[in-house]
1. Identify all residues within region 23-72 that are out of contact with any helix residue (DSSP H, G or I) (no Cβ under 9 Å at 6 or more places or on another chain), over 25 Å from Leu3 (Cβ atoms) and among the aliphatic types (A, V, I, L, M); write none if there are none.
2. In this structure, does Ala131 turn out to be under 30 Å from Ala55 (Cα atoms) and exposed (fewer than 11 other Cβ atoms within 10 Å of the Cβ)?
3. Tally time: how many residues in region 2-19 are surrounded by 11 or more Cβ atoms within 10 Å (Cβ to Cβ) and not hydroxyl-bearing (Ser, Thr, Tyr)?
4. Restricting to region 1-53, and then to whatever is among the polar types (S, T, N, Q) and under 16 Å from the mean Cα position of the chain (by Cα), can you tell me which residue is modelled with the lowest pLDDT?
5. Output the residues belonging to region 57-101 that are among the acidic types (Asp, Glu) and within 13 Å of the chain's Cα centre (by Cα).
6. If you check Ser86, Ser94, which single one turns out to be within 30 Å of Ala129 (Cα to Cα), polar (S, T, N, Q) and modelled with pLDDT of 95 or more?
7. Having 2 or more residues that are among the acidic types (Asp, Glu) and over 20 Å from Val92 (Cα atoms) is the bar; report the helices (runs of 4 or more DSSP H) wholly within region 1-80 that clear it.
Amino acid sequence: MGLVGFDGISVTVKSPKLLAIGLELVRAGIPVNETMDELDALQGMADVIAGRFTAVFERNMWEPFVAAGLPAEQIRPLTESLQRLSALAEAVVSAVLRDALRRKAGEFLAQQARRLDSADVRDELRPLARAAGIDL
């Protein structure tokens with residue numbers, strides 16, 4: 001899955017951030033197998049998203065560059081555009097994911113409202129949910 005690499009007898013952690021997140025998920029009680037399955041699924045989804053942004057770059061930036069005859073003076077601006085697009089893609093995915101997580105958490109808690117009421121914990125949970133951007 002690209003998290004670790006083996007070179008003879010040495011081991012290289014290719015993504016310390018992903019490894020740290022995975023360890024935190026396991027500490028939170030999510031089994032290692034499920035954590036790895038979710039990472040695999042998310043990597044597939046990330047490839048789809050990256051493909052979409054790559055296609056946007058190709059249509060709107062690369063094709064005009066090629067049509068202009070691959071002018072050398074456009075290499076730097078083209079590279080800068082690709083870097084900006086990459087940063088914007090990360091930002092939009094983060095914002096959209098944050099909104100979706102809040103929406104799904106709110107939907108889940110709304111479905112569980114009766115259980116929360118019968119356990120008499122809804123009022124205690126409400127300020128915590130509100131702080132997380134979730135309305136109960």
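1. Within region 23-72, Ala55, Val66, Ala67, Leu70, Ala72 qualify.
2. On the way: under 30 Å from Ala55 (Cα atoms): no; exposed (fewer than 11 other Cβ atoms within 10 Å of the Cβ): yes.
The answer is no for Ala131.
3. Going residue by residue through region 2-19, those that are surrounded by 11 or more Cβ atoms within 10 Å (Cβ to Cβ) are 3-4, 13-15, 18-19.
This time we only want the ones that are not hydroxyl-bearing (Ser, Thr, Tyr), so: 3-4, 13-14, 18-19.
Matching residues across region 2-19 total 6.
4. Applying the first criterion (among the polar types (S, T, N, Q)) to region 1-53 yields 10, 12, 15, 33, 35, 43.
The next check asks that each one be under 16 Å from the mean Cα position of the chain (by Cα); those that pass are 15, 35, 43.
Working: Ser15: 88, Thr35: 94, Gln43: 94.
Among residues in region 1-53 that are among the polar types (S, T, N, Q) and under 16 Å from the mean Cα position of the chain (by Cα), the one modelled with the lowest pLDDT is Ser15.
5. Within region 57-101, the first condition is being among the acidic types (Asp, Glu), and the residues that meet it are 58, 63, 73, 80, 90, 99.
Within region 57-101, Glu90, Asp99 qualify.
6. Numbers: Ser86 fails: within 30 Å of Ala129 (Cα to Cα).
Criteria check complete, one pass: Ser94.
7. Numbers: elements: 16-27, 32-57, 63-67.
Correct list: 32-57.
Every residue, every condition in (1) among the aliphatic types (A, V, I, L, M); (2) without any contact (Cβ under 8 Å) to a residue 24 or more places away in the chain, yes or no:
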| residue | (1), (2) |
| --- | --- |
| Thr12 | no, yes |
| Ile30 | yes, yes |
| Asp40 | no, no |
| Asp47 | no, yes |
| Ala72 | yes, yes |
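The values are calculated or read from the model by the stated rules, or taken from the named source; none is laboratory data. None of these values were measured; they are calculated from a predicted model. Methodologically, a virtual Cβ is constructed for each residue, glycine included, from the backbone with ideal geometry; neighbour enumeration extends over all protein chains shown.
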